[in-house]
1. With each label point set 7 Å from Cα along the Cα-Cβ vector, what nm distance links S139 and A50?
2. By how many nm would the segment from S65 to S172 lengthen if fully extended, with 0.36 nm per residue of separation less the alpha-carbon distance?
3. What is the P(r) of segment 13-56, as percent of Cα-Cα pairs per 5 Å bin from 0?
4. Counting other beta carbons within 10 Å of each Cβ, put Y34, Y70, Y124 in order, fewest first.
5. If each residue's Cβ is checked for other Cβ atoms within 10 Å, how do V154, V42, V17 rank with the fewest at the top?
6. Can you grab the distance from the C-alpha centre of segment 39-99 to the C-alpha centre of segment 121-175, Å, no decimals?
7. What distance in nm separates the simple spin-label points at E128 and H153, each placed 7 Å from Cα in the Cβ direction?
8. How are the Cα pair distances of segment 12-93 distributed, in percent, across 5 Å bins from 0?
Amino acid sequence: MAAPQIAAPLTDDELIVQLKAGDRGAFDVLYERYLARVYHFVDSRLRNRADTEETVQEVFINIFSSIDSYRGEAPFPAWVFGLTRRTIARRFKRKRHPTVPLFEDDQEGESSHVSTGPTPLESYECEERLARMEEVVSSKLTPEQWTLFRLHHVEDKPISEIATQLAKSEDSIKSNLYRTRKILLAR
């Protein structure tokens with residue numbers, strides 16, 4: 001009697017063909033296959049569990065909704081992580097402006113004043129990010145990179161003024177600032 005054969009797992013490309021044909025199970029397999037790697041990738045950049053979980057959900061929604069755009073010109077994992085990087089970048093670009101409800105105080109006929117200060121959660125998250133940034137500044141940035149970042153982004157000095165002050169070319173300043181921001185955003 002012959003031993004039962006175990007079917008080899010489907011490749012990503014085979015699963016993608018099935019998914020494009022409407023097979024929900026193919027997406028579930030891809031999800032299980034990539035969840036841990038995507039989660040780790042996002043978490044290593046955001047370092048906030050709630051943001052990481054929300055972003056991972058966005059990534060898989062984006063994968064599912066844009067699977068038809070995958071043409072197989074690059075390996076599927078490269079496409080997944082490119083989409084993941086773009087999803088993370090969109091999160092950083094979003095500007096969240098707090099809304100303050102305005103209402104009339106019926107008894108006095110004057111507008112009430114609503115505090116626009118940060119919530120305790122926002123304060124905690126800000127302190128957490130600041131601590132991570134201080135750690136990166138002290139361990140990953142050179143004193144020159146920190147000086148350039150401080151002059152341009154904290155003191156709001158133009159690149160031309162920084163270049164003159166430090167006797168360096170503007171291109172050198174721009175390049176160094178780019179590398180500095182890349183280090184800071186990777187954390």
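1. 2.5
2. Net length gain for the segment: 34.4 nm.
3. Cα pair-distance distribution for segment 13-56, in percent: 5, 23, 22, 14, 15, 13, 7, 0.
4. Arranged by neighbour count, lowest to highest, Y34, Y70, Y124 become Y124, Y70, Y34.
5. Arranged by neighbour count, lowest to highest, V154, V42, V17 become V154, V17, V42.
6. 27
7. Result for the modelled spin labels: 2.0 nm.
8. 3, 15, 29, 25, 16, 9, 4, 0
A short reminder: the numbers here are calculations on the coordinates, not readings from a lab. Predicted model, so just to flag it, every value in this text is computed and none were measured. FYI the Cβ positions are ideal-geometry reconstructions off the backbone, even for glycines, and counts take in every protein chain you see.
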